[in-house]
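The values are calculated or read from the model by the stated rules, or taken from the named source; none is laboratory data. What you are looking at is a predicted structure, and each value in this text was computed from that prediction instead of being measured. When we count neighbours, we look across all protein chains shown, and the Cβ atoms used for this are built from the backbone with ideal geometry, even at glycine. All accessible areas refer to the heavy atoms of the entire protein, side chains included, with ligands and DNA or RNA removed. Shrake-Rupley method; radii C 1.70, N 1.55, O 1.52, S 1.80 Å.
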Amino acid sequence: MTLTAFAAETEERFALARQVADAVLFEGYVLYPYRASSAKNRLRWQFGVLVPPGWGADCEEHDFQHTECLMEPKAGATLSVEVRFLHARRRTVQRACPDGGFDTVTELDLDDRVLVPWDEGFEERVEVIAPVDALLGDGVTHPFRLPAREDTAPVLDAAGRTVGRLLRRSEAVSGTVRLSARELDGPYRTLRLTAVVENTSDWTPPEGRAADRDAALPHSLVATHLLMALSAGSFLSMTDPPEWAKGAVAACRNLHTWPVLAGEPGRADLVLSSPIILEDHPAIAPESPGALYDATEIDEILALRTAALTDEEKREARGTDERAAAVIELAESMPAEVLERLHGAVRSVREVTGPGRPADPGVGFPDEFGVGRPDTPWWDPASDAGFAPERDHVVVDGRPVGRGSRVELHPGLRRTDAQDIFLRGRTATVEAVLHDVDGGVHLAVTVEGDPGADIRREQGRFLYFQPDEITPLEDGS
């Protein structure tokens, strides 16, 4: 296959994978209620931020990503790599003056929107294509540099008159992509592929000033991730490898990123390595009506709440960002049948047969939605009357724990995730004691020292632990 033909075929495969990669790229880009003034939108971009190496050793973010995965290339195979990230573009709002000049302002109030200063994210791509044989030994190093850019766009009112302008500036960023491969011992010809993306920008904070994340973001690679494709051959799954490759997979080092098979199910010639842990062959749900940028929420609830924003809130959201404006339009114009699809979907159906039908013609037969009625209810709503989450207590280590109790968190390994593990040993305040329909008890808590605790409490968004995952503390401990 010629290099040109491979590039065209790769572009087609990448186009399919980008549907999922875009969800990674723009995850958390702008959160409900999609306004710049919202507290949730003041700390921007949480995933895959590669900061300038000179920002400081105390920075909690990193200046590189390191991916390792296994591949079985065929003779003469070529590897195509696409690095994708957002480049922060700082937007300043200016009002037109009678003398023809412009003054910088904190907001520009128009009939349909309110424009405010904001950091937009501009998608950047860096492509590297190399024969697999060239990756052996020292490998391939591909430096890149994106120059600083500045542009202006006029702001027109409803009558078409210029009332201001938007001044956008992006700072220069530079980086390096390093690709290398090493052949492994084993029954099959297998290579360990290493792909490293580094931010090599020479920006440092101004002398005498403390490190500032907001100042570093324009010089960072945001939401950085990789797409990698083989022209001939396949990659091995890192989450479900064949038995003979499990030891080699366990020896792979993946720092600040995780590779999964991407593209069409059944194929293994494409990998997505991202800062968000995904399963092999991730896909966008077919019911999804469009990007909402807040995947921690349920699309149906998010669409309904967005449509219910006040006109003034929608004006501010439209002026915050073009993507936020598109979400508002999507929520306002969503047909009822599209919204209904968001209510739920059956991903797999299996046939269940039995020796006979129940005597009651209404019991056990599917309703209009294809769901059968059980002969006994699985839950009695009247049983809720005996519970009061804000007043109930549960006894832990011989001590009652309820709303207002201070506890120390000890997340259990059998039912937690990586984010909960980071809270091990932290102290928290119990907000409510909840009982589920299976008789389980859950403690809703806010972590002490969390700057967003007041907002979480106001919105009723808590973290949940079971009684055996906490230790009660004396007041003032």
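Structure above, values below:
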{"quantity": "The stretch 228-243 - residue that is assigned to a strand (DSSP E or B) and open to solvent by less than 20 Å² (accessible area, probe 1.4 Å) and, of those, farthest from residue 268 (Cα to Cα)", "calculated": "228"}
{"quantity": "The lone exception for residue 166 - which of (1) under 30 Å from residue 191 (Cβ atoms); (2) modelled with pLDDT of 95 or more it fails", "calculated": "(1)"}
{"quantity": "Tabulated pairs, the stretch 276-294, first under 23 Å from residue 343 (Cα atoms) and hydrophobic (A, V, I, L, M, F, W, C), second in a loop (DSSP other than H, G, I, E, B) and open to solvent by 40 Å² or more (accessible area, probe 1.4 Å), C-beta under 9 angstrom, 6+ apart or interchain", "calculated": "283/265; 285/345"}
{"quantity": "Listing of strands (runs of 3 or more DSSP E) fully contained in the stretch 64-132 that carry 1 or more residues being more than 30 Å from residue 185 (Cβ to Cβ) and of a type outside the set (Asp, Glu)", "calculated": "78-96, 102-105, 118-131"}
{"quantity": "Within the stretch 425-451, considering residues that are open to solvent by 20 Å² or more (accessible area, probe 1.4 Å) and among the small types (Gly, Ala, Ser), the one modelled with the lowest pLDDT", "calculated": "439"}
{"quantity": "Residues that are within 23 Å of residue 55 (Cα to Cα) and loosely packed, with under 13 Cβ neighbours inside 10 Å, drawn from the stretch 125-180", "calculated": "143, 145, 147, 148"}
{"quantity": "Wholly within the stretch 273-344, helices (runs of 4 or more DSSP H) carrying at least 2 residues that are modelled with pLDDT of 80 or more, touching a His at 6+ places or on another chain (Cβ under 9 Å) and farther than 30 Å from residue 236 by Cβ", "calculated": "none"}
{"quantity": "Search result, residues across the stretch 456-477 that are at negative phi and open to solvent by 60 Å² or more (accessible area, probe 1.4 Å)", "calculated": "456, 457, 458, 459, 461, 464, 468, 474, 475, 477"}
